[in-house]
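Only one structure is covered here, and it is reproduced in the block below.
The values are calculated or read from the model by the stated rules, or taken from the named source; none is laboratory data. For clarity, every value in this text was computed on a predicted model and none was experimentally measured. Because the Cβ atoms are built from the backbone with ideal geometry, glycine has one as well, and the counts that use them run over all protein chains shown.
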Amino acid sequence: MTRAVILTGPTASGKTDLSLRLGREFPLEVISADAMMVYRGLDIGTAKPTPQERAGVPHHLIDIREVTEDYDVVQFARDAVAAVEEVRARGRLPLIVGGTAFYLSALLRGLPTTPPSDPAAMRALEDELAERGLEAMLAEVAALRPAELVRIERNPRRLLRSLEVYRATGRFPSEFPQAQPVLSAEVVAISPPEAELERRIALRTDRMIADGLVEEALRVLGPLRQAARRPTALQAIGYREALVFAQGLTDRARMRADIVLATRRYAKRQRTFLRTQLGAALHDPLQAERIMKQKIHDLEIS
C-alpha cells in the first residue's frame, strides 16, 4: 500500500506554515486535503498558499475546480492517491496537508459505501430546502438520528445528501460500512493551546478582511447566489458571512464576529474529530515540527 505522511490540525493551527518550512528542508511535495482549496478564486478566505509559496514547494489538488463545480470525497481519494504515487515515482516525498475530516477519513479508514447520488432526487431536496428552510430539515434529521447532526455540521450540501440516502435506503451515510483504506499514512496533528488558537483565528480573520475577503466573495461567489442549485463552494466559512455583509444585512463588526465564531466552532469540531475518530494526539507547534521531521526522515529512507 502506498505510504505518505499526513499533517493535519484545526484551521489556523499553522499547518501551511509548517509544511512550507518542511518543504524547504526536505524534497517534499504537498497534497492538499482541504475541501475548499480545490476551487479557483477562493484564495483569501481559504488562506491558500500563495503562487510564490507553491512555486517553492510543489502543491497538488489546489485550484483544480471552478466554483460552479462540486468535488466529492470519492474524487478526492482517487486524486490524492494518484498524486502520492506520482510524487513517490519521481523520488520525492508526499506530504498530505489539510483538516477536512471526511477527506482524511476516506484515506485512512476507507471510502464510504453509500449509493451514488441521484441528480433528480437532489434537485427535489434543494427545492424542499428552499421551501422549508435549513432548521426544519435539520430538525427532521435530529428526530431520526441525533448523532448524524455531528457529521452534517449544519452544512446544507451534507444535509441534503444525508436525507437523500436516508429516504432511499432507510439508513444515513454514517451507517454504511467503509471500504478498505486506500493509503498507509502516519498522522501528525498540530494544535496550539486553545487560547492561542482563538487568538490566531481572530488575527487571521482581520487579515482576510483587510486583504479583500468581501471583494473576493462578491467577485467569485456573488453570481452563484441566484443559481438554481447551490454549489459546494458557497458553504465556505467566511464567504457566507461576507456575502451577507455585502447585502447590507449586517455591519462590518458583526461580519467579523460571525466569521470568528463560525471558525472557532469549526476548529472545535476538527479537534474533536482528530482525537475521537482518528485517535490522533494534538501536538503543540514545536512538538509537531520535531515529530514531522522524524516521520519524513523515516519515509525518506523507507
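What about Thr11, is it within 24 Å of Arg271 (Cβ to Cβ), in a loop (DSSP other than H, G, I, E, B) and either of a type in the set (Val, Ile, Thr) or outside the structural domain of Gly238 (by TED's automatic domain parsing) (or both)? Spell out the reasoning first.
Details: within 24 Å of Arg271 (Cβ to Cβ): yes; in a loop (DSSP other than H, G, I, E, B): yes; either of a type in the set (Val, Ile, Thr) or outside the structural domain of Gly238 (by TED's automatic domain parsing) (or both): yes.
The answer is yes for Thr11.
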From the options Leu95, Leu104, residue that is in the same structural domain as Val30 (by TED's automatic domain parsing), more than 15 Å from the chain's Cα centre (by Cα), within 24 Å of Tyr266 (Cβ to Cβ) and hydrophobic (A, V, I, L, M, F, W, C): Leu95
Where a residue in region 180-207 is within 20 Å of Glu289 (Cα to Cα) and its partner, wherever it lies, is of a type in the set (S, T, N, Q) and part of a strand (DSSP E or B), with Cβ under 9 Å and at least six apart: Val187/Thr8; Val188/Thr8; Ala189/Thr8; Ile190/Thr8
Given (1) surrounded by 12 or more Cβ atoms within 10 Å (Cβ to Cβ); (2) under 18 Å from Val30 (Cβ atoms); (3) in contact (Cβ under 8 Å) with a residue 40 or more places away in the chain, index of the condition Met122 fails: (2)
Residues (buried (at least 20 other Cβ atoms within 10 Å of the Cβ) and among the hydroxyl-bearing types (Ser, Thr, Tyr)) located in region 252-284: Thr263
Failed item in (1) in the same structural domain as Gln235 (by TED's automatic domain parsing); (2) closer than 30 Å to Val84 by Cβ, with Glu153 passing the rest: (1)
Filter result for Gln287 (surrounded by fewer than 17 Cβ atoms within 10 Å (Cβ to Cβ), under 30 Å from Glu186 (Cβ atoms) and polar (S, T, N, Q)): yes
Residue selected from region 139-186 under the condition surrounded by 19 or more Cβ atoms within 10 Å (Cβ to Cβ) and not in a helix (DSSP H, G or I), by the criterion modelled with the highest pLDDT: Phe172
Search result, residues across region 18-51 that are under 17 Å from the mean Cα position of the chain (by Cα), of a type outside the set (A, V, I, L, M, F, W, C) and within 25 Å of Arg92 (Cα to Cα): Ser19, Ser32, Asp34, Lys48, Pro49
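What are the residues in region 1-18 that are touching a residue at least 60 places away in the same chain (Cβ under 8 Å) and of a type outside the set (A, V, I, L, M), if any? Walk me through it before giving the result.
Filtering region 1-18 for residues touching a residue at least 60 places away in the same chain (Cβ under 8 Å) gives 1-16, 18.
Those that are touching a residue at least 60 places away in the same chain (Cβ under 8 Å) and of a type outside the set (A, V, I, L, M): Thr2, Arg3, Thr8, Gly9, Pro10, Thr11, Ser13, Gly14, Lys15, Thr16.
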